[in-house]
Amino acid sequence: MLFPASFIAIALPPWIANYLVWWVCALIVVGGLLIFGWQDVPQMRWRRIWAISSVSFAESLRRRVLWVTPLAILGVIAVSMFQHAGDPQEAIRQTIKYCLFASGLLVTVTAIILACTNLPREIDNRVIYTIVTKPTTRLEIVIGKVLGFARVSGLIVLIMGAFSYAYLTWENWQLSAQVAQRLKIETDPTTRQTLLGYQTAGLLSTRSLDQPADFQTYEHTPAESGYQRIKGYFGYYVLVPFSLTPSDKSMLGSALNDPAHWQALVITTMRLKRNVPTKDDVQWNQSRKIPSEGGSSIGPPLPGQDQGKPVPQITLHVVDWDYNELVPPAEINGGKMAAAILENHTDPNAPYTIPSVLSVDAIQKLLAVDKFFIEIIPETSSVEYEVSPMPLVLDVIQQSGGQQLEHQIKPMPDPRRPGQVMPPRFISQISRYGFKIAGSTKPDDRAVAVYHFTDAQVPRNLEGPVGFRFRAGIERGGDYDAAKAWSVVSLEVVNTQTRQSCGPVEFHPETNQETFVAIPGKYVQGGDFTVYVRGMDDGQWLELTRASVQLISAEHSFVLNLTESLLILWLLSVLVVITAIFTSTFVSWPIAVVLTIVILLGHWGVNELGDALNPGVGRSIATDFGFSDSTQVKLVSGGVDALAKLLTWVSAVLPDLSQFPVMDDITRGVSTPPRQVLEALNVLACWGLSMMVISFVILKNKEVAP
Amino acid sequence: MTVIDDEAVRIEHLTKVYKDFWGRDKVRALDDLNLTIHRGEVFGLLGPNGSGKSTAIKLLLGLIFPTSGSASIFGQPAGNTAINERVGFLPEESYLYRFLNGEETLRFYGRLFKIPRAELKRRVPELLDIVGLDAKARKRKLREYSKGMARRIGLAQALINNPDIILLDEPTTGLDPIGTREMKDLILSLKAQGKTVLLCSHLLYDVQDVCDRITILFKGKMQTLGHVRDLLQVKDITQIQVKGLSDTQVQEMRQFLTRLGVDNPTVTHPTTTLEDLFMRVVQENTGGNGRIQAGA
């Protein structure tokens, strides 16, 4: 759960700031019980709580709540019967999704309706009179009702879980028979490989997967020297990490406050290989108005005139740790590409300097964040850019009495290598399924995705093969051999300690489908190793993410995994019950239903708004609506910004339902780690306990006689 | 607050003002009520609709909170959950879980008290017998009960903990004449067991039959308080009760009284009723027209 602790945390010691959510919840629980419940807590009796919960449970069952479960079951069967998944694994995972979705929908809707209506109804029809006039504390009433409806949810989850298991086992048996039949007639190697994988592992297989610690995409296999070459305008970029110290911020602050005498620049230094442009290069460069040295950027060269070499240029972006834009392009170098300084550059092996100016607004945005990347986009086609371990610095230049003083801000220091800066990160163009790398039949032209595994959880038995799960998008076009029905991809594992490589293992994945690749276990020994993924076909593009390559560290039981998912679902339903009871203590039941849904989905909803709530949204809206008067602009932008801030704050204290990942892992065939259950329990404990105590306090101070 | 051992209920300056949304006074439902109910007595709380008697009971049970003043039961502040172990309450209608049957209802309410399991098992059928619910009725859901049956099960739940004080709100409503008689007998039997009974009723003859003391509330204020017999007494008329006088003797008695200067003596049984008293109190407060406004 998030918490708006960004500025509070500054004043708090880390042992409080790091666990602020827990502290706040503990404060509510302890404070609420000490102030309002000091008489009620000692009087609390389990027998009474159980009796109240049993009445709520019995009432729900006798109101025929369970009659909805057969409908949900019929719905799941109908939908899964009519699904048209071509892949058997996909089909069974879709069915898992339907089962869990139906269970989740049923249990949450039931919980909301039961819990929201219960208390207001008992107050309206005055049944509450006969409860509160017994030696029952309001705390026992709240706990009893939560427990009662949690028991109802538990029963529904149990019934739906038993059905899901039975139905999935039956479907698994049917689909496995189909897989065996298909294997008898299938000739396509890609499909056979996939089907064999299903037959060996089983369609309901559940695995523990280990994620790589780091993932980067390179135009070529990275050189060990740390100097990497990138072709201009080829879709490969460089990210240089920065973390501003207080003195760095102070210097940038001077450039912000006194722009007449201070200036902030990004100085990029690179060796550049300026090749003679091909016809295509010329076309590309001209289309993007990149000038040529001694030539023109517009139109073909005149007869008798040489087309000069194009001027090497780059574009800089400032992005955050998730690669989201922090500074608009217009605020860096006036929105134009930065060009290499060619004057007096006689030695072609000497590095070129490429300066870019940062606007005052850009500086202001940098000062507002702790960490950021400066992204270098090589723009000039035909130029090869050599990226050194420190390709750029931030320069703050001070004009003082006719003199020019230069203060340099280097990239973030590398904690593993004292005295050195963090090396740049390499990424590529992002497409639908991830970062794109080009495949090729020529080894020199192949791009590579590099996955670093550090301290990975490797299988216990490394005598035999170990498996990697691979899933990536695959695009084909241009030079792709149309006669070839399948894609070839290679995966190579190099052990970091032994430096031994298993060599490229070729396999035939389908786009966005799981493929399992086996290599000898010794290459992952120790848990530190690097995986290189390359496309082996011309005209082929692989689209990869960090999760595209994962090590299968263990196999697990599907039943256990299903049980964990259902347990998380039940914990979610308990959270729903608590929220519903909380809202029903102070509003009528129809409003309580709406409010419960708003509370439960608020965090998710604001997250979905994403960048729309970033600072500055008010100004954008004022501009979009065409306000020109400065007072009106100020009023609108101020109002919208305040609303955005309020929404962010409110959402931050609402429960985060993403901590209840009922379907995420199981529908990917991945084992749900026990940590997920604990995280769900953590949200339930924090939010749930606080809400129960607040409900008790409200009920304690509420006159229950209408 | 000084608590005397003899006191079962003590109410001091109890006031309840209902407020509107803006916090402004809307209705003064109870105004500075002072009252003491002794242990072992049957006390009647009378008044027209809106007089404040239900408010007083709700305040005693902690269902609502006083604006000012205080109330206590056996020395403990009203609403204290611990004292509810000794309190039984029959609301004016049987506000019970309609989906439970008679036995389940009593078992549920019994589990809210510190009643041992074996004792509860024994007490449930015993109480069902006392209130006159037969074996068939005990297994029926409450939603299928008639109004009279609902009152009986309501009474049983009020007695499940063998309370020291029982608050009965309109206990005979919905009961047939036999049921009403049984209810009055039960109240008298509770009194005989030394229990305190506070009852609210509009059926004034019922109250007259069983109550030791009564108070009449009107517009939230206590109008009168005392023993039923004292309040019903007509003080300017002397009643001589003689058994077995013949008509001649009655005639002689009348002549004798005339000789004594008594003008036109009536030799009958001059009594008034509780209803007369009730109406007189109400008429005194409505300017003599006898009209009472509901909710006033």
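The values are calculated or read from the model by the stated rules, or taken from the named source; none is laboratory data. On a predicted model such as this, the values are computed, not experimentally measured, just so you know. Glycine also receives a Cβ, built like all others from the backbone with ideal geometry; neighbour counts cover every protein chain displayed.
Here are the numbers for this structure:
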| read-out | value |
| --- | --- |
| Residues satisfying the stated conditions in the stretch A:129-145, i.e. within 8 Å of chain B (Cβ to nearest Cβ) and out of contact with any Ser or Thr (no Cβ under 9 Å at 6 or more places or on another chain) | A:Y129, A:I131, A:T133 |
| Selected residue (criterion: surrounded by the most Cβ atoms within 10 Å (Cβ to Cβ)) from residues of the stretch B:111-128 that are more than 9 Å from chain A (Cβ to nearest Cβ) and of a type outside the set (A, V, I, L, M) | B:R123 |
| Leading residue by the ranking (nearest to the other protein chains (Cβ to nearest Cβ)) among those in the stretch A:95-126 that are without any contact (Cβ under 8 Å) to a residue 24 or more places away in the chain and surrounded by fewer than 18 Cβ atoms within 10 Å (Cβ to Cβ) | A:N125 |
| Total residues in the stretch B:165-175, condition within 13 Å of chain A (Cβ to nearest Cβ) and either part of a loop (DSSP other than H, G, I, E, B) or out of contact with any helix residue (DSSP H, G or I) (no Cβ under 7 Å at 6 or more places or on another chain) (or both) | 1 |
| Among the candidates A:S382, A:S388, residue that is in contact with a Phe, Trp or Tyr (Cβ under 6 Å, 6 or more places away or on another chain), surrounded by 13 or more Cβ atoms within 10 Å (Cβ to Cβ) and small (G, A, S) | A:S388 |
| In the stretch A:195-251, the residues that are small (G, A, S) and part of a helix (DSSP H, G or I) | A:G197, A:A201, A:S247, A:S250 |
| Single match in B:I153, B:I187, B:I178 (criterion: in a helix (DSSP H, G or I) and without any contact (Cβ under 8 Å) to a residue 12 or more places away in the chain) | B:I178 |
| Only one of A:A622, A:A685 that is over 26 Å from the mean Cα position of the chain (by Cα), part of a helix (DSSP H, G or I) and aliphatic (A, V, I, L, M) | A:A622 |
| Condition met for A:A162 (at pLDDT 95 or above, surrounded by fewer than 20 Cβ atoms within 10 Å (Cβ to Cβ) and either under 26 Å from A:S584 (Cα atoms) or away from chain B (no Cβ under 14 Å) (or both)) | yes |
| Check on A:W649, at pLDDT 90 or above and either assigned to a helix (DSSP H, G or I) or over 33 Å from the mean Cα position of the chain (by Cα) (or both) | no |
| Selection count where residues are among the aromatic types (F, W, Y) and not assigned by TED's automatic domain parsing to the domain that holds B:I64, scope the stretch B:1-53 | 0 |
| Spans of helices (runs of 4 or more DSSP H) in the stretch A:15-131 with at least 1 residues within 27 Å of the chain's Cα centre (by Cα) | A:20-36, A:88-124 |
| Residue that is nearest to the other protein chains (Cβ to nearest Cβ), among those in the stretch B:97-107 that are touching a residue at least 12 places away in the same chain (Cβ under 8 Å) and either surrounded by fewer than 24 Cβ atoms within 10 Å (Cβ to Cβ) or part of a strand (DSSP E or B) (or both) | B:F99 |
| Considering residues of the stretch B:65-85 that are out of contact with any Phe, Trp or Tyr (no Cβ under 7 Å at 6 or more places or on another chain), outside any loop (DSSP other than H, G, I, E, B) and of a type outside the set (A, V, I, L, M, F, W, C) only, the residue nearest to the other protein chains (Cβ to nearest Cβ) | B:N84 |
| Hits in the stretch A:24-43 (condition: within 14 Å of another protein chain (Cβ to nearest Cβ) and exposed (fewer than 14 other Cβ atoms within 10 Å of the Cβ)) | A:W38, A:Q39, A:V41, A:P42 |
| Looking only at the stretch B:51-64, and only at residues there that are in a loop (DSSP other than H, G, I, E, B) and in contact with a strand residue (DSSP E or B) (Cβ under 8 Å, 6 or more places away or on another chain), the one that is nearest to the other protein chains (Cβ to nearest Cβ) | B:I64 |
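Conditions (1) within 20 Å of A:T133 (Cα to Cα); (2) surrounded by fewer than 17 Cβ atoms within 10 Å (Cβ to Cβ), marked per residue:
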position	(1), (2)
B:D20	no, yes
B:G23	no, yes
B:L30	no, no
B:L35	no, no
B:E41	no, no
B:S51	no, no
B:G62	yes, no
B:F65	yes, yes
B:A78	yes, no
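Residues are listed down the side, and each one gets a yes or a no for (1) more than 11 Å from chain B (Cβ to nearest Cβ); (2) in contact (Cβ under 8 Å) with a residue 24 or more places away in the chain:
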position	(1), (2)
A:I49	no, yes
A:I52	no, yes
A:V55	no, yes
A:V68	yes, yes
A:V76	yes, yes
A:F82	yes, no
